[in-house]
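*Asks:* Quick one: the structure is below, and I'll ask about it shortly.
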Amino acid sequence: MIASIPLRFLALAVITSASAADKPELKPEVFAPGIISTDLDESGGSFSGDGKSFYFVRRSAYTTAPPIGILCFSVLKDGTWTRPEIAPFSGTYVDGPSCFSPDGKRLYFGSKRPTQSNPNGRDWNIWFVEKAESKWSEPKELSINSPQSDANPTVAADGTLYFASDRDSQPGYMHIYRARLTDDRYEQAEKLGPEVNGDDAEINPYISPDQKFLVFASYRKDALASGGNLYQRSDLYISEQREGGWRQARHLEHGINTAAAEGNPTISGNWFYFSSERSPFQVPVKQQLTTARWQEGHNGIENGVGNIYRIPVAALELSR
């Protein structure tokens, strides 16, 4: 004989089930498909403070070096993003991801353009342009640059600069550093600890304005698997700062990371944005390909080169 269940518990069960069913699934979506995210290679987005300007990188989809890397921008007008244009200070050298200063008057970015101290160099350095009367100035070098590569700048509300650099490691093997701003001058950069920087390379940091959390891309081996094969590509991780120290970084979930490369995180409003090279062409293919499906996928937006995606900030599971 089955015991009867009090009506109050039945009601609670119905309410709980309904709440779970009504809760939307958190999953990434392509940002501005056909305008910003296209069949070309896009990555590294950054929003102005009002959310109405978006700067990002378009790269040539070939493997010869150096690739073309240009900074493009799009403007939100009447609820629609405009067709991207090349930023007036880009289009000559290899340029990388950018970020706005907290007041919106500066745009920082990485570039391989020649520097005054090394006109023949081709390493990464951090540059910035300043807004004056709705126009950007000529690019200027940032004082924090070292003789090695420095790139991927991101700035907190108090001006503290986080960036990726290989200044203390072998070329191309970057880690994340921080330089505090005091009296309009950057202090000596410090490398973040093992909670963030591991034995593998770390790139593409994004620091929250209050510096309570840091999202970054890493090539660590705990996620380098696809079809049973290991290969080099990055996934996104997050570390939260509590009681003056960084917590051990954790791998982001909710479909943010895939077997493809992910990176270039940023936040605007209630959305978390990132870059991904995901595509349906993963071995083994879920459904046998036909010529028509191959052509459709190859010419589509999610064709294996970079796109910009977004997902609600709740997917970061902050302070979980």
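The values are calculated or read from the model by the stated rules, or taken from the named source; none is laboratory data. Remember, it's a predicted structure, so these values are computed and weren't measured experimentally. Neighbour counts are summed over all protein chains in view; Cβ atoms, including those assigned to glycine, are modelled from backbone coordinates with ideal geometry.
*Asks:* Let me spell it out: the conditions are (1) without any contact (Cβ under 8 Å) to a residue 60 or more places away in the chain; (2) more than 23 Å from residue 306 (Cα to Cα); (3) not polar (S, T, N, Q), and residue 102 meets all of them except one. Which number is the exception?
*Replies:* (1)
*Asks:* Return only the number of the condition from (1) under 16 Å from residue 192 (Cβ atoms); (2) modelled with pLDDT of 95 or more that residue 245 does not satisfy.
*Replies:* It is condition (2) that residue 245 fails.
*Asks:* Check segment 222-230 and report whether any residue there is assigned to a strand (DSSP E or B), at pLDDT below 95 and surrounded by fewer than 18 Cβ atoms within 10 Å (Cβ to Cβ).
*Replies:* Yes: segment 222-230 contains one or more residues that are assigned to a strand (DSSP E or B), at pLDDT below 95 and surrounded by fewer than 18 Cβ atoms within 10 Å (Cβ to Cβ).
*Asks:* Restrict the check to segment 196-214 and report whether at least one residue is over 19 Å from residue 102 (Cβ atoms), assigned to a loop (DSSP other than H, G, I, E, B) and modelled with pLDDT of 95 or more.
*Replies:* Checking segment 196-214: at least one residue is over 19 Å from residue 102 (Cβ atoms), assigned to a loop (DSSP other than H, G, I, E, B) and modelled with pLDDT of 95 or more.
*Asks:* Something else about it: Return the residues of segment 133-154 that are outside any loop (DSSP other than H, G, I, E, B) and surrounded by 20 or more Cβ atoms within 10 Å (Cβ to Cβ); say none if nothing qualifies.
*Replies:* 150, 151, 152, 153, 154
*Asks:* Just to check your reading of the model, which residue among 137, 111, 98 is within 15 Å of residue 54 (Cα to Cα) and out of contact with any helix residue (DSSP H, G or I) (no Cβ under 6 Å at 6 or more places or on another chain)?
*Replies:* Among 137, 111, 98, only 98 is within 15 Å of residue 54 (Cα to Cα) and out of contact with any helix residue (DSSP H, G or I) (no Cβ under 6 Å at 6 or more places or on another chain).
*Asks:* Then there's this: Output the residues belonging to segment 49-80 that are in contact with a strand residue (DSSP E or B) (Cβ under 7 Å, 6 or more places away or on another chain), of a type outside the set (A, V, I, L, M, F, W, C) and within 13 Å of residue 96 (Cβ to Cβ).
*Replies:* 55, 58, 59, 67, 69
*Asks:* Would you check which residues across segment 53-80 are buried (at least 18 other Cβ atoms within 10 Å of the Cβ) and of a type in the set (A, V, I, L, M, F, W, C) and list them?
*Replies:* 54, 56, 57, 70, 71, 72, 73
*Asks:* Another one. Can you tell me which residue is nearest to residue 282 (Cα to Cα) among those in segment 258-268 that are at pLDDT 95 or above and not acidic (Asp, Glu)?
*Replies:* 263
*Asks:* If you don't mind, there's one more thing I want to ask. All but one of (1) touching a strand residue (DSSP E or B) at 6+ places or on another chain (Cβ under 8 Å); (2) surrounded by 14 or more Cβ atoms within 10 Å (Cβ to Cβ) hold for residue 116; state the number of the condition that does not hold.
*Replies:* (2)
*Asks:* Right, next: Restricting to segment 271-306, count the residues that are closer than 14 Å to residue 29 by Cα, touching a Pro at 6+ places or on another chain (Cβ under 8 Å) and of a type outside the set (Val, Ile, Thr).
*Replies:* 6
Matching residues to (1) at pLDDT 95 or above; (2) farther than 15 Å from residue 128 by Cα:
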| position | (1), (2) |
| --- | --- |
| 35 | yes, yes |
| 47 | yes, yes |
| 53 | yes, yes |
| 65 | no, yes |
| 89 | yes, no |
| 100 | yes, no |
| 103 | no, no |
| 108 | yes, no |
| 114 | no, no |
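*Asks:* Can you go through 29, 42 and tell me which one is charged (D, E, K, R), crowded, with 16+ Cβ neighbours inside 10 Å and at pLDDT 95 or above?
*Replies:* After ruling out the rest, the residue left standing is 42.
*Asks:* Next question. How many residues are closer than 19 Å to residue 44 by Cα and surrounded by fewer than 20 Cβ atoms within 10 Å (Cβ to Cβ) if we restrict to segment 95-104?
*Replies:* So the count comes out to 3.
*Asks:* Given the conditions (1) surrounded by 13 or more Cβ atoms within 10 Å (Cβ to Cβ); (2) without any contact (Cβ under 8 Å) to a residue 40 or more places away in the chain; (3) not polar (S, T, N, Q), and given that residue 162 satisfies all but one, which numbered condition is not satisfied?
*Replies:* Against the list (1) surrounded by 13 or more Cβ atoms within 10 Å (Cβ to Cβ); (2) without any contact (Cβ under 8 Å) to a residue 40 or more places away in the chain; (3) not polar (S, T, N, Q), residue 162 comes up short only on (2).
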